[in-house]
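J.: Please see the structure below; I have some questions.
The values are calculated or read from the model by the stated rules, or taken from the named source; none is laboratory data. Remember, predicted model here, so these are calculated numbers, not experimental data. No Cβ is skipped: glycine too gets one built from the backbone with ideal geometry, and neighbour counts run over all protein chains shown.
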Amino acid sequence: MAAPQTQIVTIDGPAGAGKSTVAKQVAAALSLAYLDTGAMYRALTLKAIRQDVNLEDEDALVVLAGQTTIDLENHASSVKVLLDEEDVSEAIRTIEVTNKTFYVARAPRVRAIMVEWQRAIGEKKGVVVEGRDVGTVVFPQATNKFYLDADLTERSRRRIEELRAKGNDVDADKLTAELEERDNKDKTRSVGPLKKADDAVVIDSTHLSIDEVVQEMLKAIKKDG
Ligand code: C5P
């Protein structure tokens, strides 16, 4: 008899749609691990910036990835991102890292390494995984797939609120433009672009609370289970 398939729930979507918050809560409700694939792209970008690696040089990025370990630790109330054992959970969220991650994300051979790391985690345990290509490329066989979207204005409002709550001085128009530019880059790159998987359930969170999105996902998962 075939071994039962590990439960894998994928959530793709643009920045600010609420993927992280929702994914953590769905993971907790189903006793699954939470996997933030964006954190991996961000962590490698941070290392490249620190080591002054040319972000346009794919060969150099591949070498760097080969010398890097990224671990994502799930704790009861937080998730720790470890870059070569250093806790970089906060350091990967700066505006500089956010705006430079596309260099790492657009490099096909770097993506191949990231996908391998992500699959290795998903093979070991059930996960709720969020990103841009997790339902299309990383886990096409996932048990449940979601595409979480929201209007640009609402996503931008959420990001501004989040950054201001952390004490950042935010230029709202600039942030909205950066968010839109990031979406465009994510949607148009040649490998692993942001795209809805054919079999994904689409949820528009523009007018929904976090809890409403979580409940909708849990309902869809239960219905399929
Ligand atoms: O999800 P987050 O906003 O932290 O992701 C940061 C960036 O990492 C995205 O804008 C995207 O360029 C890249 N990314 C990706 N593929 C993923 C997850 C993130 O290319 N699966």
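J.: Within the stretch 53-63, is even one residue modelled with pLDDT of 95 or more and under 24 Å from Ser156 (Cα atoms)?
T.: Within the stretch 53-63, the first condition is being modelled with pLDDT of 95 or more, and the residues that meet it are 53-63.
Retained after the next criterion (residues that are under 24 Å from Ser156 (Cα atoms)): none.
Checked against the condition, which is being modelled with pLDDT of 95 or more and under 24 Å from Ser156 (Cα atoms), the stretch 53-63 yields no hits at all.
J.: Among the residues in the stretch 119-141, are any under 18 Å from Gly225 (Cβ atoms), more than 13 Å from the ligand (Cβ to nearest atom), in contact with a Phe, Trp or Tyr (Cβ under 6 Å, 6 or more places away or on another chain) and touching a residue at least 24 places away in the same chain (Cβ under 8 Å)?
T.: Checked against the condition, which is being under 18 Å from Gly225 (Cβ atoms), more than 13 Å from the ligand (Cβ to nearest atom), in contact with a Phe, Trp or Tyr (Cβ under 6 Å, 6 or more places away or on another chain) and touching a residue at least 24 places away in the same chain (Cβ under 8 Å), the stretch 119-141 yields at least one hit.
J.: Does Val79 meet the test of being within 15 Å of the chain's Cα centre (by Cα), more than 18 Å from Arg159 (Cα to Cα), modelled with pLDDT under 95 and within 16 Å of the ligand (Cβ to nearest atom)? Spell out the reasoning first.
T.: On the way: within 15 Å of the chain's Cα centre (by Cα): yes; more than 18 Å from Arg159 (Cα to Cα): yes; modelled with pLDDT under 95: yes; within 16 Å of the ligand (Cβ to nearest atom): yes.
Yes: the conditions hold for Val79.
J.: Given the criteria surrounded by fewer than 16 Cβ atoms within 10 Å (Cβ to Cβ) and touching a residue at least 40 places away in the same chain (Cβ under 8 Å), does Glu86 qualify? Lay out the reasoning, then the answer.
T.: Working: surrounded by fewer than 16 Cβ atoms within 10 Å (Cβ to Cβ): yes; touching a residue at least 40 places away in the same chain (Cβ under 8 Å): no.
No; evaluated as a whole, the condition is false for this residue.
J.: List the residue pairs whose Cβ atoms are under 7 Å apart, where the first residue sits in the stretch 173-188 and is more than 18 Å from Asp149 (Cβ to Cβ), the second is near the ligand (Cβ under 10 Å from one of its atoms), and the two are 6 or more positions apart or on different chains.
T.: Leu175/Arg159; Glu178/Asn99
For (1) modelled with pLDDT under 95; (2) farther than 22 Å from Arg164 by Cα, each residue gets a yes or a no:
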position	(1), (2)
Ala2	yes, yes
Val22	no, no
Ala48	no, yes
Gly66	no, yes
Asn74	yes, yes
Glu85	no, yes
Lys100	no, no
Arg106	no, yes
Val110	no, yes
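J.: So, of the residues in the stretch 172-222 that are of a type in the set (Gly, Ala, Ser) and within 30 Å of Arg109 (Cα to Cα), which turns out to be surrounded by the most Cβ atoms within 10 Å (Cβ to Cβ)? Show your work before the answer.
T.: Restricting attention to the stretch 172-222, the residues satisfying the condition of being of a type in the set (Gly, Ala, Ser) are 172, 177, 190, 192, 197, 200, 205, 209, 220.
Those still in the list that are within 30 Å of Arg109 (Cα to Cα) too: 177, 190, 192, 197, 200.
Values: Ala177: 12, Ser190: 7, Gly192: 22, Ala197: 19, Ala200: 20.
Looking at the filtered set, the residue picked out is Gly192.
J.: Which of (1) in contact with a strand residue (DSSP E or B) (Cβ under 9 Å, 6 or more places away or on another chain); (2) within 13 Å of the ligand (Cβ to nearest atom) is the odd one out, the single condition Asp84 does not satisfy?
T.: Single failed check for Asp84: (2).
J.: What are the residue pairs meeting all of these: first residue in the stretch 19-36, first residue under 22 Å from Lys196 (Cβ atoms), second residue within 12 Å of the ligand (Cβ to nearest atom) and hydroxyl-bearing (Ser, Thr, Tyr), Cβ atoms under 7 Å, and 6 or more apart or on different chains?
T.: Partner pairs satisfying both residue conditions: Asp36/Ser20.
J.: Let me ask something else. Find all pairs meeting these conditions: Cβ atoms under 8 angstrom apart; at least six residues apart or on different chains; first residue within the stretch 91-107 and within 13 Å of Lys47 (Cβ to Cβ) and of a type in the set (Gly, Ala, Ser); second residue at pLDDT 95 or above and part of a helix (DSSP H, G or I).
T.: From the stretch 91-107, the pairs are Ala91/Leu46; Ala91/Val97.
J.: Now for a separate question. Quick check on Thr6: is it surrounded by 14 or more Cβ atoms within 10 Å (Cβ to Cβ), within 20 Å of Ser190 (Cα to Cα) and either touching a strand residue (DSSP E or B) at 6+ places or on another chain (Cβ under 8 Å) or touching a residue at least 24 places away in the same chain (Cβ under 8 Å) (or both)? Let's see the steps before the verdict.
T.: Numbers: surrounded by 14 or more Cβ atoms within 10 Å (Cβ to Cβ): yes; within 20 Å of Ser190 (Cα to Cα): no; either touching a strand residue (DSSP E or B) at 6+ places or on another chain (Cβ under 8 Å) or touching a residue at least 24 places away in the same chain (Cβ under 8 Å) (or both): yes.
When the stated conditions are applied, Thr6 does not pass them.
J.: Something else about it: Would you please name the residue that is farthest from Lys145 (Cα to Cα), looking only at residues in the stretch 39-60 that are crowded, with 21+ Cβ neighbours inside 10 Å and not hydrophobic (A, V, I, L, M, F, W, C)?
T.: Within the stretch 39-60, the first condition is being crowded, with 21+ Cβ neighbours inside 10 Å, and the residues that meet it are 39-48.
Now drop any that are not not hydrophobic (A, V, I, L, M, F, W, C), which leaves 41-42, 45, 47.
Numbers: Tyr41: 21, Arg42: 23, Thr45: 27, Lys47: 31 Å.
Residue satisfying both the conditions and the ranking: Lys47.
J.: Kindly provide the set of residues from the stretch 61-83 that are free of Cβ contacts under 8 Å to residues at least 12 places away in the same chain and among the hydrophobic types (A, V, I, L, M, F, W, C), ordered by number.
T.: If the condition is that a residue be free of Cβ contacts under 8 Å to residues at least 12 places away in the same chain and among the hydrophobic types (A, V, I, L, M, F, W, C), then Val63, Ala76 are the ones that fit.
J.: Across the stretch 185-196, what is the number of residues that are more than 18 Å from Lys19 (Cα to Cα) and more than 8 Å from the ligand (Cβ to nearest atom)?
T.: In the first step, residues of the stretch 185-196 are kept if they are more than 18 Å from Lys19 (Cα to Cα); the result is 185, 188-191.
In the following step, the residues that additionally are more than 8 Å from the ligand (Cβ to nearest atom) were identified as 188, 190-191.
Residues that pass the stated criteria total 3.
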